[in-house]
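The values are calculated or read from the model by the stated rules, or taken from the named source; none is laboratory data. As the structure is a prediction and not an experimental result, all values here were calculated from the model. All Cβ positions, even for glycine, are placed from backbone atoms using ideal geometry, and neighbour counts span all protein chains on display. Heavy atoms of the whole protein, side chains included, go into the accessibility calculation; ligands, DNA and RNA do not. Shrake-Rupley method; radii C 1.70, N 1.55, O 1.52, S 1.80 Å.
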Amino acid sequence: MSNSPYLASILKQAEQRDGDKPEFLQAVKEVLATIAPAVDANPAYEATGLLERFIEPERFVQFRVAWVDDEGKTRVNRGYRVQFNSAIGPYKGGLRLHPTVNESIIKFLGFEQVLKNSLTGLPMGGGKGGSDFNPKGKSDAEVMRFCQAFMTELQRHIGPFTDVPAGDIGVGGREIGFLFGQYKRIRDEWSGVLTGKALSYGGSLARTEATGYGLLYYTEEALNKLRNDSFEGKTVAISGSGNVAVFATEKAQSLGAKVVTASDSNGYVYDPNGINLDILKDIKVDHRGRIKEYADRVSSATYSDNRTDIWTVPVDIALPCATQNEIDGASAKKLVDNGVKVVAEGANMPSTPEAIDVYRDNNVLYGPAKAANAGGVAVSGLEMSQNSERLSWSFDDVDGRLKTIMTNIVAKSMDAAAKFSTPDDLMSGANIAGFEKVADAMLAQGIL
Ligand code: NDP
Ligand code: 2IT
């Protein structure tokens, strides 16, 4: 951290105002610490109160979502949308449906999204939303009624040129379909107001695969540029078994790596022969099953109900793809002790600050979430372009653009890091490169 009194005062203000929102404060502190050299170098930021504005969302809405379950009982959930920053484009970011969702989680995700979207090079501001609704164990009809009630409130805040939500944890193709249908019904218009749509009504090829594939394109490029190495022949641990984890596994395997783990919130499986992707997809994608079933079906696999022990498996590369703070200092230490050389984040903020310290102290190549997992929102941006053009691009076209965007993010991060610190500090580089574009746009637009 620099000795800048300006940064110190911003940090103090954040602690006072948001001390009760631990995940949000964690994300803000990490960014402030790493952008210090760029802030110190530009006095216009302090003169215009830029950082004060940067850490304060433009708008935060919370609303009641009342719906009726299959037994006829009324249920009430909390809905949220944070519209964090629109300096470089309409608010853009996913919706999360998970019982742990609260104001702190939504704000941390929205804040990260601002910088991530900037890094893609596409004109997208940052937003995020969701609800503490738990989709697990709910019928399709219940999910539909919840999504309709949620959109009935959300629709007044969003639009294809204002704010364009998408999926995140608990929100996939099924939920986007229900949300889109309700928006169209209320507004009486077809528009690209959501991304992650199915191909039959304006979705983009390669959006489903984009976050996982993008993570691998990014990490392969970083490995190549900074370690003169590749995924070929590497052993890889991947956590989670949702959208990001499944397609990260698929691309890692196609790049010649052996993925030996998968997990969910109950536990993890270890398969020293390499995860069988068809069986993983059958359980998780086709049947919404539990990861334990993998070990029941594959004799070489073992199951443990201690989810965090996944990081005790010896691997060359770890790709956390489940949720925030899933790798703490002790888990990071275990990974390093067992020889890990690379950690790249598919999930948002999966490493605690203590874990990041361990990576840094042990020269682990660290790909931070806002850079490494930007492929999902990047292809969402490409979906918006296709909707505006009323055209659909081929899979190879979208996938090729995704690859270019991810390799550009590595280059931008290395350039920014080299300018202010050390070239292989991809975390500082991503934070500075993402921040500078947004800050330039904010400066140009005056005090808002
Ligand atoms: P999914 O809902 O498809 O899958 C989430 C996976 O993570 C599941 O295996 C789930 O297990 C596990 N998980 C969720 N919450 C927890 C928790 N509190 N503790 C332990 N495990 C948990 O979501 P995605 O794959 O889309 O998202 C995974 C991560 O990637 C998230 O951090 C998300 O923000 C991030 N991300 C997603 C993008 C996208 O395009 N979808 C883009 C960029 C980042 P279980 O089934 O037991 O809940
Ligand atoms: O965290 C993320 O970047 C996402 N969940 C994807 C957001 C999007 O708008 O596609």
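A few comments on the model shown:
- Options Leu51, Leu32; residue that is touching a Leu at 6+ places or on another chain (Cβ under 7 Å) and open to solvent by less than 20 Å² (accessible area, probe 1.4 Å): Leu32
- Count of region 54-73 residues which are open to solvent by 90 Å² or more (accessible area, probe 1.4 Å) and not charged (D, E, K, R): 1
- The single condition among (1) in contact with an Asp or Glu (Cβ under 6 Å, 6 or more places away or on another chain); (2) crowded, with 23+ Cβ neighbours inside 10 Å that Ala248 does not satisfy is (1).
- Looking only at region 273-283, and only at residues there that are open to solvent by 20 Å² or more (accessible area, probe 1.4 Å) and free of Cβ contacts under 8 Å to residues at least 24 places away in the same chain, the one that is farthest from Lys258 (Cα to Cα): Asp282
- Residues located in region 233-245, provided they are touching a Cys at 6+ places or on another chain (Cβ under 8 Å) and either open to solvent by 20 Å² or more (accessible area, probe 1.4 Å) or of a type in the set (Ser, Thr, Tyr) (or both): Ser239, Gly242, Val244
Conditions (1) over 18 Å from Pro353 (Cα atoms); (2) within 24 Å of the chain's Cα centre (by Cα); (3) at pLDDT 95 or above, marked per residue:
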position	(1), (2), (3)
Ser2	no, no, no
Ala14	no, yes, yes
Asp18	no, yes, yes
Pro22	no, yes, yes
Glu30	no, yes, yes
Ala33	no, yes, no
Ala36	no, yes, no
Pro43	yes, no, yes
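- Filter result for Arg81 (of a type in the set (Lys, Arg), farther than 22 Å from Pro123 by Cα and open to solvent by less than 30 Å² (accessible area, probe 1.4 Å)): no
- Matching residues, region 284-314, being of a type in the set (Asp, Glu) and either away from ligand 1 (no atom under 16 Å from the Cβ) or within 16 Å of Ser263 (Cα to Cα) (or both): Glu293, Asp296, Asp305, Asp309
- Extreme residue, surrounded by the fewest Cβ atoms within 10 Å (Cβ to Cβ), among residues of region 315-346 that are out of contact with any strand residue (DSSP E or B) (no Cβ under 7 Å at 6 or more places or on another chain), under 14 Å from Thr261 (Cβ atoms) and touching a residue at least 24 places away in the same chain (Cβ under 8 Å): Asn338
- Residues located in region 175-232, provided they are without any contact (Cβ under 8 Å) to a residue 12 or more places away in the chain and either among the hydroxyl-bearing types (Ser, Thr, Tyr) or surrounded by 23 or more Cβ atoms within 10 Å (Cβ to Cβ) (or both): Ser200
- Elements of type helices (runs of 4 or more DSSP H) in region 360-448, at least 1 residues being among the acidic types (Asp, Glu): 375-389, 395-420, 426-444
- Residues of region 193-211 that turn out to be of a type outside the set (Lys, Arg), within 12 Å of ligand 2 (Cβ to nearest atom) and under 18 Å from Val285 (Cα atoms), as a count: 4
- Lone unmet requirement of (1) among the hydrophobic types (A, V, I, L, M, F, W, C); (2) more than 18 Å from Ser191 (Cβ to Cβ); (3) open to solvent by 10 Å² or more (accessible area, probe 1.4 Å); (4) more than 14 Å from ligand 2 (Cβ to nearest atom) for Phe161: (2)
- Lone qualifier among Ser428, Ser392, Ser388 - being surrounded by 17 or more Cβ atoms within 10 Å (Cβ to Cβ) and either in contact (Cβ under 8 Å) with a residue 24 or more places away in the chain or of a type in the set (Phe, Trp, Tyr) (or both): Ser428
- Taking first residues from region 284-303 that are part of a helix (DSSP H, G or I) and at pLDDT 95 or above and partners that are aromatic (Phe, Trp, Tyr) and buried (at least 16 other Cβ atoms within 10 Å of the Cβ), the Cβ contacts under 7 Å between residues at least 6 apart in sequence or on separate chains come to Lys292/Tyr303; Ala295/Tyr303.
- Test: residue in region 140-152 that is within 11 Å of ligand 1 (Cβ to nearest atom) and not small (Gly, Ala, Ser): no
- A search for C-beta distances below 7 Å between a residue of region 92-104 that is β-branched (Val, Ile, Thr) and assigned to a loop (DSSP other than H, G, I, E, B) and any residue that is within 12 Å of ligand 2 (Cβ to nearest atom) and open to solvent by less than 10 Å² (accessible area, probe 1.4 Å), counting only pairs 6+ apart in sequence or on different chains, returns Val101/Gly130.
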